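Enquirer: Submitted below is the structure of interest, expressed as structure tokens.
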Amino acid sequence: MPATLLQTHRVEKPWGRHDLGFGFDDAPADAAPVGEIWFQTPGDTTPDMLIKYLFTGERLSVQVHPDDDQAHARGLPRGKDECWTILKADADATIALGPKAPMTADQLRADAQSGAIVDDLDWVPVKAGDFLYAPSGTIHAIGGGLTLIEVQQNSETTYRLYDYDSDRELHLKDGVEVADLQPYTPIVSPGSAGAGRAILVEGPKFVLERLSGGDHAVTLPEGITAWLVPITGAGTVADVTWKAGECVTITGNETVRASSDADMLLAYPGVKRI
């Protein structure tokens, strides 16, 4: 089918929230908090990419992901580059990206065991509208008070380095082996892609565009699927109606028709804009 409206899957997390917004019903006060909303069945590794919303009530663990070669060496389908589009942020919200200064593997291991790793990391202030790309190997931790859309290679392989003295398993051997021990270098967005379209990232694993309201042609080679994620507004594509809080996959050549108040992400695998 040229366009398919995906099902949503709410994932309860102890670090999540009850107030969601952005087209989603809040979690009942007497229910577990919701941390993630997926647009495919959790654990399905078939698509190349995964799109999900995150709602953080507190800091997530300090973690790192392998790249493709490191994942393949461990019998895994792919590594995990990921990026975050910030939709809402508390005034003091931060995301940790890499160490503030170069580290050694021994220092990383020791500081992860002692908890000093929290102070080693560069906690970057973030606000609504910000965009951050974290290549595989980047030591990172998403802070509390954030609503964001995560676009990533479809892998849930996470090596947890520190989890604030919780009883969850750590993965120090694998995590230290794949971690980039140098300070994080921000990736600059390429810029405009024409009227109402901005390229947030162009490769190496996927392309992500941000679209405003109006009509947008989407031309995809055979075998390539794109994900349309409406943040606000509503519209149609290939006779499929969509609105904020939903996600539509697109194949072939189609036109996205969006309301004037629409704000959308368009993601697809590849190294350059199609």
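The values are calculated or read from the model by the stated rules, or taken from the named source; none is laboratory data. These numbers were taken from a predicted model, which means no experiment stands behind them. Methodologically, a virtual Cβ is constructed for each residue, glycine included, from the backbone with ideal geometry; neighbour enumeration extends over all protein chains shown.
Enquirer: Please give the number of the condition G98 fails out of (1) assigned to a helix (DSSP H, G or I); (2) in contact with a strand residue (DSSP E or B) (Cβ under 7 Å, 6 or more places away or on another chain).
Expert: The one condition G98 does not meet is (1).
Enquirer: Starting from region 258-274, take each residue that is at positive phi and list its partners that are crowded, with 22+ Cβ neighbours inside 10 Å and of a type in the set (V, I, T), counting only C-beta distances under 9 angstrom and pairs at least six apart or across chains.
Expert: From region 258-274, the pairs are G270/V207.
Enquirer: Those residues that are assigned to a loop (DSSP other than H, G, I, E, B) and crowded, with 18+ Cβ neighbours inside 10 Å, I need them from region 7-56; list them, please.
Expert: The answer is L20, A27, P33, F39, Q40.
Enquirer: Would you pick out the residues in region 223-247 that are of a type in the set (A, V, I, L, M, F, W, C) and part of a strand (DSSP E or B)?
Expert: If the condition is that a residue be of a type in the set (A, V, I, L, M, F, W, C) and part of a strand (DSSP E or B), then A226, W227, L228, V229, I231, A234, V237, V240, W242 are the ones that fit.
Enquirer: Given the options L132, L108, L148, name the one that is modelled with pLDDT of 95 or more, assigned to a helix (DSSP H, G or I) and crowded, with 21+ Cβ neighbours inside 10 Å.
Expert: Answer to the check: L108.
Enquirer: Inspect all residues belonging to region 113-129 and state whether any of them is closer than 24 Å to F55 by Cβ, touching a His at 6+ places or on another chain (Cβ under 7 Å), modelled with pLDDT of 95 or more and among the small types (G, A, S).
Expert: There is no residue in region 113-129 that is closer than 24 Å to F55 by Cβ, touching a His at 6+ places or on another chain (Cβ under 7 Å), modelled with pLDDT of 95 or more and among the small types (G, A, S).
Enquirer: Right, another one. Considering Y164, Y184, which residue is in contact (Cβ under 8 Å) with a residue 24 or more places away in the chain, of a type in the set (S, T, Y), in a loop (DSSP other than H, G, I, E, B) and surrounded by fewer than 20 Cβ atoms within 10 Å (Cβ to Cβ)?
Expert: Going through Y164, Y184 in turn, the sole match is Y164.
One line per residue, one yes/no per condition, for (1) outside the structural domain of H216 (by TED's automatic domain parsing); (2) in contact with a Pro (Cβ under 9 Å, 6 or more places away or on another chain); (3) buried (at least 22 other Cβ atoms within 10 Å of the Cβ); (4) not β-branched (V, I, T):
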| position | (1), (2), (3), (4) |
| --- | --- |
| I231 | no, no, no, no |
| A234 | no, no, no, yes |
| V240 | no, yes, no, no |
| K243 | no, yes, no, yes |
| C247 | no, yes, yes, yes |
| E254 | no, yes, yes, yes |
| A258 | no, yes, yes, yes |
| A262 | no, yes, yes, yes |
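Enquirer: To continue, here is another question. With respect to V271, is the statement that it is surrounded by 15 or more Cβ atoms within 10 Å (Cβ to Cβ) and either modelled with pLDDT of 95 or more or under 21 Å from the mean Cα position of the chain (by Cα) (or both) true?
Expert: no
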